[in-house]
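Since the structure comes first, as structure tokens, the remarks are kept for the end.
The values are calculated or read from the model by the stated rules, or taken from the named source; none is laboratory data. In this text the structure is predicted, and so the values were computed from the model without any measurement. Because the Cβ atoms are built from the backbone with ideal geometry, glycine has one as well, and the counts that use them run over all protein chains shown.
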Amino acid sequence: MAPDSARRNTVVPWLACALLGCVVLGYAGLIGLGQWQADEYDNFSRLAQNGWTAFWLRLRWSPRPLSETLFYSYGWAVNHLHRPLIAPFLGVLWAGLLAAGLFTALQVRLQDRNAPVWPGVLIATALMASFVVGGGLTEAFYWPAGAVAYLPTLAATLLLFLQLAAGRLSDGKGRTLAFGCLLVAAGSSEMGASFVLAFALVQAVQFGWSAVGRAANSEGRLPVWWWMIPAVLSVIVMLTVGANRFHVVETRAALTSDTVGHPLMSLWRASGKLVQETAGWRVRANGRMGFSGRLPSELLLAAGIGMCWRRMKRPDRETMRQIAGIAVALLLGALFTVAAAYLHFGVAVGERHETIRRCWILMSFAAVGIVWFSHSRMERFRGRGAVDLLAPLLVGVALASVWHVKALGREYAAYTPVRHAIDQNFESGFSAGDYEITYEVPPSRGVLAFAEIKPGTYTTASPDAAYPIYILRYFKKQVLVVREPQQ
């Protein structure tokens, strides 16, 4: 290859990395607009009143040893400093996600100084950018009570995916890191625990298949401790949820739904829901069902990532099985989560669940792309230098086709009034001696859509006003005056 051509084939991918990184950082910059909702006011007031007993009681309802420990430690700091600390807290969680995405690329570079850096960086930034451009980010990325559970879950599954794709399970250090990823996922959220169980199921099937064919296959078998121990933790989490939460009716839909208490019906309904989400079949703005551009975007992203990965290394046979296995586990984890929602709530509830499922679906498509472009039949195609230009182009088109960039611009345009409203609300709440709180509803402009309180005056005796009452209890006030958002 000519020097000018080789240089061009490197410049274009690095330019793509820079642009994708700017997209991710553009969304990370919105952490200053993160807001509390009812959960923070309720749980942190209980922590102030009952101390760490509130934490242990919470674990019975929400058995997330890692995320609940982080959440209540954050609440303890807030209660003592009388400052919301939203941006620093979200910043730490976002930093964990960014580190998880970039770690494998750095690791590959340190192991082989001659290996190109851009493929790993492009894959990481492409996946993280694909997570945020699809919308529906509020509860999982900018709400502290949600982000503390779901960002660690996403970071752990992303790092595990990249480690498996890089073939890191072939050595003890790689398996130890994968073990840590699974522990974090299982200890962060019930959704993470569902993924770990799905992953353990896939590993058990692969282990059994390897055992049956061991006589004809001298590759041997991997140890099982690194996925069995997290699986046991996940079983404990699920049993705790079943014992303390599943008997409580939490939605009106649970009173009439034909899926509540019926596992097979819930699984069937969940299967259809997951197919719809994967294909992009959704309700449009006109109220009718139709296809979005999601499936073509997923296919383009898979192709682009598959082309990038072939520049890093060609996976061996065992690694190919692991990549295919985690793709299945990600989809199974998403399926189990939707089925559990139908089983308990009667509907597929939760923006945060849908957001993480979308991220898992994107990673599963990326896994398929890596396996496909690593096949021997693609050998001649992989050798063409133009692929280095085509891969970033496909990734860029994939993300641009689903990115609502105007919404991001509107959010930044409203940054100052939103920050003013948030700061004013906490200043009024933390002020000493006042009888009432003046609460200004932060304006909603685009990317973020937090739960709002209707303007009016509320007291601790107001009927059907749980959210305002939580605010009053936290700040120990009597009257909450809610004002319209400033335009």
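A few notes on this one:
- Any helices (runs of 4 or more DSSP H) falling wholly within region 84-176 and containing at least 3 residues that are hydroxyl-bearing (Ser, Thr, Tyr) and touching a helix residue (DSSP H, G or I) at 6+ places or on another chain (Cβ under 9 Å): 144-165
- If you go through region 330-387 and keep only what is assigned to a loop (DSSP other than H, G, I, E, B) and either farther than 23 Å from LEU301 by Cα or at pLDDT 90 or above (or both), you end up with PHE345, GLY346, VAL347, ALA348, VAL349, GLY350.
- Candidates PHE207, PHE246, PHE199 - the one that is modelled with pLDDT under 95, within 28 Å of the chain's Cα centre (by Cα) and assigned by TED's automatic domain parsing to the domain that holds GLY172: PHE246
- GLU427 being in a helix (DSSP H, G or I), charged (D, E, K, R) and not assigned by TED's automatic domain parsing to the domain that holds VAL11: yes
- When the residues of region 61-100 are filtered to those that are touching a Ser or Thr at 6+ places or on another chain (Cβ under 8 Å) and charged (D, E, K, R), the one that is surrounded by the fewest Cβ atoms within 10 Å (Cβ to Cβ) is GLU68.
- Scanning region 376-387 finds no residues that are surrounded by 17 or more Cβ atoms within 10 Å (Cβ to Cβ), touching a residue at least 60 places away in the same chain (Cβ under 8 Å) and under 20 Å from the mean Cα position of the chain (by Cα).
- A single member of GLY172, GLY135, GLY120, GLY167 is over 25 Å from ILE305 (Cα atoms) and assigned by TED's automatic domain parsing to the domain that holds VAL328, and it is GLY172.
- If you go through region 44-55 and pick out every residue that is under 26 Å from the mean Cα position of the chain (by Cα) and more than 18 Å from GLU190 (Cβ to Cβ), you end up with 1.
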